[in-house]
Amino acid sequence: MLTRARTALAAVTLTTALAGSGVIVATGTAQAASSSSCYITASAATVRSKASTHSTAVGIAYKGQTCKERGYSNGWDKVTVKKTGKTGWIRSDLVHTADDDAHTCIPEDEACHEG
């Protein structure tokens, strides 16, 4: 989740930098589909019809099961669980996605320039 915050900060920084340069910047929504691989990290995670703990449960995914990430919204990942074929929303802290592995280098971050 920290990676998503860093990615968002980098996007805002880049957009701000480009805004004054005359470059046209197109922005997307947080729910843009990425279709990247993911897996469940919790012992069990409820798959829900909407990104809310109050929405209907459409299935359960178990630790280690793989999924395809379809989108993201306010702390929830939209996924399709490969074993069951169920598509729905799971809290982001219960899912490991490729975004969790990506590191966005911010120029002010000294760790980006080590090596």
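Do the conditions hold for residue 55, that is, is it open to solvent by less than 60 Å² (accessible area, probe 1.4 Å), touching a residue at least 12 places away in the same chain (Cβ under 8 Å) and of a type outside the set (A, V, I, L, M)? Steps first, please.
Working: open to solvent by less than 60 Å² (accessible area, probe 1.4 Å): yes; touching a residue at least 12 places away in the same chain (Cβ under 8 Å): yes; of a type outside the set (A, V, I, L, M): yes.
The answer is yes for residue 55.
Test residue 51 against the criterion of being part of a loop (DSSP other than H, G, I, E, B), touching a Lys or Arg at 6+ places or on another chain (Cβ under 7 Å) and not hydroxyl-bearing (Ser, Thr, Tyr), and give yes or no.
Considered against the rule, which asks whether it is part of a loop (DSSP other than H, G, I, E, B), touching a Lys or Arg at 6+ places or on another chain (Cβ under 7 Å) and not hydroxyl-bearing (Ser, Thr, Tyr), residue 51 comes out as no.
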Query raised in the report: Quick check: anything in the stretch 78-96 at pLDDT below 95 and of a type in the set (Asp, Glu)?
Result: no
Query raised in the report: Somewhere in the stretch 73-92, is a residue under 17 Å from residue 36 (Cβ atoms), open to solvent by less than 40 Å² (accessible area, probe 1.4 Å) and not in a strand (DSSP E or B)?
Result: yes
Query raised in the report: Quick check: anything in the stretch 32-47 part of a loop (DSSP other than H, G, I, E, B), at pLDDT 95 or above and either of a type outside the set (Ser, Thr, Tyr) or touching a Ser or Thr at 6+ places or on another chain (Cβ under 6 Å) (or both)?
Result: yes
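For the stretch 60-72, give me each residue that is open to solvent by 20 Å² or more (accessible area, probe 1.4 Å) and more than 13 Å from the chain's Cα centre (by Cα). I'd like the intermediate steps shown before the answer.
As a first pass, look at the stretch 60-72 and keep what is open to solvent by 20 Å² or more (accessible area, probe 1.4 Å): 60, 62-66, 68, 70, 72.
Matches in the stretch 60-72: 60, 62, 63, 64, 65, 66.
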Query raised in the report: Given (1) part of a loop (DSSP other than H, G, I, E, B); (2) at pLDDT below 50; (3) open to solvent by less than 50 Å² (accessible area, probe 1.4 Å), where does residue 3 come up short, assuming only one miss?
Result: (1)
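The values are calculated or read from the model by the stated rules, or taken from the named source; none is laboratory data. Owing to the predicted nature of the structure, the values given are computational and were not obtained by experimental measurement. Cβ coordinates were reconstructed from backbone atoms using ideal geometry, including for glycine residues, and neighbour counts include every protein chain displayed. Accessible surface areas use protein heavy atoms only, side chains included; no ligands, DNA or RNA. Shrake-Rupley method; radii C 1.70, N 1.55, O 1.52, S 1.80 Å.
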